[in-house]
Structures are given as C-alpha cells and as structure tokens.
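Before any comments, here is the structure.
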Amino acid sequence: MPDGLDAITVQVASSLKDIDREAWDVCAGPVNPFVSYSFLSALEDSGSVSANTGWACQHLFIKDFRGGYLGVAPIYVKGHSYGEYVFDWVWADAYERAGGKYFPKLLCGVPFTPITGPRLMVAPQASRYDKEIRTALATA
C-alpha cells in the first residue's frame, strides 16, 4: 500500500493529553461535538473520567510514517457499568455466576451520553484507506 500504510500500527494513549488536539478533531470531524477533543478532555480534566472513577482511558490512534494522524478512537477500560446507557447488569451477573469475570471490560464510546455517532474515526486525507484504518482500530 502506498503512503507508508504497508503496516498499520495502532498506538494507545492513557490520556487525550498524549494526542494532538487538532489532529483528533480533524479525525472526529465537525458534526458531532461529543467526540470532539474539547468534550472528551473536559471529562478527563474534571476527573469525571479516570481510572479512579472506573473509566481508565486507553484511546487509540494511528499515525503515518510522517507522524500525521490517520485515525483515532475513544476507548475506556471500565471497572463497572455506571455512566453507560447500555444496562448490562443482568449480563454481568449471569456471566459471573457462570464462572466468568465480566469486568474489566473495554468500551469504545463516549462516557455519560447516549448520543450516537462516529467512534472509529478516520482523517479525511486518509479516507481512501477508511476500511483498513477502521479495521485496525477495531481489531486493536
């Protein structure tokens, strides 16, 4: 594949502060404010989203060989299901009664909101590799 995408490497950031603000917003686009850097970083900066509150950040990002961002995804390791709009308490209870460990779980989403929209986000300049970038983010 041209443009240095022969091997896509997904990286993990434990805070949005480790990701370039402008690059995140380019990938997120202007349509949904709930996936914007400002909204998600406000949740982190306020302490609403942190390992202490059961929302450990593990955001994914992909860069090209020049260091430009190709894709991002808001990811959290959850220690509970509070603050989500998918009520999976029954699933968690059933799984644990069957001997499994339901938590921690991985969530790709926006904390505290039921708003739908993009989660595996690709930079416009990388749109011709949309499928490959989204697949890499989902697989990671």
Give the number of residues within segment 108-133 that are open to solvent by 70 Å² or more (accessible area, probe 1.4 Å) and outside any loop (DSSP other than H, G, I, E, B). 6
Consider residue 51 against the criteria (1) within 30 Å of residue 7 (Cα to Cα); (2) surrounded by fewer than 15 Cβ atoms within 10 Å (Cβ to Cβ): it satisfies all of them except one. Which criterion is unmet? (1)
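Only one residue in 136, 92 is assigned to a helix (DSSP H, G or I) and in contact with a strand residue (DSSP E or B) (Cβ under 7 Å, 6 or more places away or on another chain), so which one is that? First the steps, then the outcome.
On the way: 92 fails: in contact with a strand residue (DSSP E or B) (Cβ under 7 Å, 6 or more places away or on another chain).
Checking each option against the conditions leaves just 136.
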Select, from 21, 97, the only residue that is charged (D, E, K, R), more than 17 Å from residue 140 (Cα to Cα), open to solvent by 70 Å² or more (accessible area, probe 1.4 Å) and out of contact with any Phe, Trp or Tyr (no Cβ under 7 Å at 6 or more places or on another chain). 97
Tally the residues that are of a type in the set (A, V, I, L, M), within 21 Å of residue 77 (Cβ to Cβ) and open to solvent by 30 Å² or more (accessible area, probe 1.4 Å), restricting the search to segment 24-48. 1
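The values are calculated or read from the model by the stated rules, or taken from the named source; none is laboratory data. Quantities reported herein were computed from a predicted structural model and do not represent experimental measurements. Because the Cβ atoms are built from the backbone with ideal geometry, glycine has one as well, and the counts that use them run over all protein chains shown. The protein model used for the area step is the full one, side chains on, heavy atoms only, and it has no ligands, DNA or RNA in it. Shrake-Rupley method; radii C 1.70, N 1.55, O 1.52, S 1.80 Å.
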